[in-house]
Amino acid sequence: MLNDKKVLFSGMQATGNLTLGNYLGALKNWITLSDEYECFYSVVDMHSITVRQDPATLRKRARALLTLYIAAGLDPKKNCIYYQSHVSGHAELAWILNCFTYMGELSRMTQFKDKSAKHADNINAGLFTYPVLMAADILLYQADVVPVGVDQMQHLELTRDIAMRFNNIYGDVFTIPEPYIGKIGAKIMSLQEPTKKMSKSDENPNASIYLMDSPDVILKKCKRAVTDSIGEIKYNEDQPGVKNLIDIYSSCTGKSVKEIEKEFENEGYGVFKEAVGEAVVSVLEPLQKEAARLEKDKAYLDGIIKENAEKATYFSNKTLRKVKRKIGYPDMIR
Ligand code: ATP
Ligand code: LTN
C-alpha cells in the first residue's frame, strides 16, 4: 500500500433507501475506522443487479449513496470512495474465484436462500454467485479488515475459505481478511417486528427509519415502535422492542446501556421513545443537510468519482496481474 497502514474494504448496495440500520451497523463504524486504515469504500452497484433494477433509479441511487458516504464524514481524498462497476477487476477476479468456489458452499448461504424465496421469479446465477463477487471485492485490494453487520459474516467466512484455498494451491497471493463487527448497532431490528432486522427492502415503511426521513417522520416512527406490556426500560431478550430502542439510543448518543437504564428508570415508554426519536434526529439532520449541499456540487463529486476510480483500478490491477500469472494465463504482449 501507499503507506504502512492496513487495508480496509467495505461496500453497500445501491438498492433501496438506506436505513438507520445501515448507518449504525456499517457507515458509522467506517468513519471511526477511516483514520486507522487505508480504506476502500465501494458502492457495489454490480451486486445490485442480482435483483431487477430500474436503470434510471439505480443510477440515481448509486450517486446518492456515494454522496452519503461523503456526507456521513468519509473524506474522499483519504478514502477511496468509488463505484464497483467502474473497476473492471471486480468482474475479472470474480470469474476466477468462481472456479475456486463450490456449488455446495454457495447453496448454504442464508442470504441466497432468503433472496431466492423473495424473488422466486428471478433466481438468476448472479444471485447464486453473489458471495463470490463479494470475495473478489475484498481480495482484490488485499484487505486486512472488513467492517460488516452480522448478517454478512457468512459471506466473509466464505471469502476467507476461498482465499485460503487459493493460497494453498498458488502460494501467498491473498491477504486473509478479518471481519470487524461494531459493538453497538451491529444489528438494528425492525421497529415493527423487533425480532427481524431493520431492512431497506421491508415493505412496511414504519418498520425502518430511512436516513432521509424528515424529523417529524422519525419522531412518529419511534413513537409507533412496537414494545411490550412489561413497562420497564431494561435491556434483555424478553423485551426485544425495548432492547432495540436502547441499542439505537446508545448508538446515537454514545451512552452505555447501564446509563440509559438509569436515565429512564422511572419513566414510561412514551418519554423514552420520544428521547430515542430526538437522538436519531440529532444524528440524521446534519447528515441530510450535508448530503443536500454536496449533491449540488456536481463538478466536485464528478472529480472525486473519476480520481477514485483510477486509484481503485491501480491497486486492483496489482492483485489481478499477480493472480493471472499464478493461474497460468498467458502474458499480455505489449
Ligand atoms: P436488504 O435488507 O435490502 O438486503 P440491507 O439493508 O441489509 O439490504 P445491505 O446493502 O445489504 O443492506 O447492507 C449494507 C451494510 O449495512 C452491511 O454491512 C450490513 O451488514 C449493514 N446492515 C444492514 N442492515 C443492518 C441492520 N439492521 N443493523 C445493522 N447493520 C445492518
Ligand atoms: N454483500 C454486502 C455488500 C457488499 C460488501 C462487499 C460488504 C458487497 N461487497 C465487500 C463488505 C465487503 C451486503 O449485502 N451488505
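If Met164 meets every condition in (1) within 16 Å of ligand 1 (Cβ to nearest atom); (2) within 24 Å of Lys5 (Cβ to Cβ); (3) open to solvent by 60 Å² or more (accessible area, probe 1.4 Å) apart from one, which number is that one?
All conditions pass for Met164, except number (1).
On the given criteria, is Val173 within 12 Å of ligand 1 (Cβ to nearest atom), open to solvent by less than 10 Å² (accessible area, probe 1.4 Å) and modelled with pLDDT of 95 or more?
So Val173 fails the test.
Return yes or no: is Leu65 in contact (Cβ under 8 Å) with a residue 40 or more places away in the chain, buried (at least 17 other Cβ atoms within 10 Å of the Cβ) and more than 13 Å from ligand 2 (Cβ to nearest atom)?
no
Quick check on region 78-86. Is at least one of its residues within 22 Å of the chain's Cα centre (by Cα), touching a residue at least 12 places away in the same chain (Cβ under 8 Å), exposed (fewer than 14 other Cβ atoms within 10 Å of the Cβ) and away from ligand 2 (no atom under 12 Å from the Cβ)?
Within region 78-86 (the criterion being within 22 Å of the chain's Cα centre (by Cα), touching a residue at least 12 places away in the same chain (Cβ under 8 Å), exposed (fewer than 14 other Cβ atoms within 10 Å of the Cβ) and away from ligand 2 (no atom under 12 Å from the Cβ)), the answer is yes, since at least one residue qualifies.
Any chance region 110-124 includes a residue that's more than 19 Å from Phe315 (Cα to Cα), of a type in the set (Val, Ile, Thr) and within 16 Å of ligand 1 (Cβ to nearest atom)?
Of the residues in region 110-124, the ones more than 19 Å from Phe315 (Cα to Cα) are 110-124.
Among the residues that remain, those that are also of a type in the set (Val, Ile, Thr) are: 110, 123.
Still in the running and within 16 Å of ligand 1 (Cβ to nearest atom): 110, 123.
Yes, region 110-124 has at least one match.
Just the residues that are modelled with pLDDT of 95 or more, over 10 Å from the mean Cα position of the chain (by Cα) and closer than 21 Å to Ser251 by Cβ, please, taken from region 1-18.
Selection gives Leu8 alone.
Look through Met198, Met212 and report the one residue that is crowded, with 20+ Cβ neighbours inside 10 Å, in contact with a helix residue (DSSP H, G or I) (Cβ under 8 Å, 6 or more places away or on another chain), of a type in the set (A, V, I, L, M, F, W, C) and in contact (Cβ under 8 Å) with a residue 40 or more places away in the chain.
Met198 is the lone residue from the list that is crowded, with 20+ Cβ neighbours inside 10 Å, in contact with a helix residue (DSSP H, G or I) (Cβ under 8 Å, 6 or more places away or on another chain), of a type in the set (A, V, I, L, M, F, W, C) and in contact (Cβ under 8 Å) with a residue 40 or more places away in the chain.
Looking at (1) away from ligand 1 (no atom under 13 Å from the Cβ); (2) assigned to a strand (DSSP E or B), which is the one condition that is false for Ser42?
Unmet for Ser42, out of (1) away from ligand 1 (no atom under 13 Å from the Cβ); (2) assigned to a strand (DSSP E or B): (1).
Name the pairs whose Cβ atoms lie under 8 Å apart, with the first residue in region 261-281 and farther than 17 Å from Val217 by Cβ and open to solvent by less than 40 Å² (accessible area, probe 1.4 Å), the second among the small types (Gly, Ala, Ser) and in a helix (DSSP H, G or I), and 6 or more positions between them or separate chains?
From region 261-281, the pairs are Phe264/Ala275.
In region 20-43, what count of residues is obtained for those that are open to solvent by 10 Å² or more (accessible area, probe 1.4 Å), under 12 Å from the mean Cα position of the chain (by Cα) and not small (Gly, Ala, Ser)?
Residues in region 20-43 being open to solvent by 10 Å² or more (accessible area, probe 1.4 Å), under 12 Å from the mean Cα position of the chain (by Cα) and not small (Gly, Ala, Ser): 4 in total.
One line per residue, one yes/no per condition, for (1) under 19 Å from the mean Cα position of the chain (by Cα); (2) part of a helix (DSSP H, G or I); (3) closer than 30 Å to Val7 by Cα:
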{"position": "Ile176", "(1), (2), (3)": "no, no, yes"}
{"position": "Met212", "(1), (2), (3)": "yes, no, no"}
{"position": "Lys220", "(1), (2), (3)": "no, yes, no"}
{"position": "Ile230", "(1), (2), (3)": "no, no, no"}
{"position": "Asp238", "(1), (2), (3)": "no, no, no"}
{"position": "Leu245", "(1), (2), (3)": "no, yes, no"}
{"position": "Glu265", "(1), (2), (3)": "no, no, no"}
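Of everything in region 135-173, what is in a loop (DSSP other than H, G, I, E, B), touching a residue at least 40 places away in the same chain (Cβ under 8 Å) and over 24 Å from Gly25 (Cβ atoms)? Give them in sequence order.
Once the filter is applied, which keeps residues that are in a loop (DSSP other than H, G, I, E, B), touching a residue at least 40 places away in the same chain (Cβ under 8 Å) and over 24 Å from Gly25 (Cβ atoms), region 135-173 yields Gln142, Gly171, Val173.
The values are calculated or read from the model by the stated rules, or taken from the named source; none is laboratory data. Small disclaimer: the values here were computed from a predicted structure and weren't measured. Reconstructed Cβ throughout: ideal geometry from the backbone, glycine too, with neighbour counts over all protein chains shown. With ligands, DNA and RNA removed, areas are computed over all heavy atoms of the protein, side chains included. Shrake-Rupley method; radii C 1.70, N 1.55, O 1.52, S 1.80 Å.
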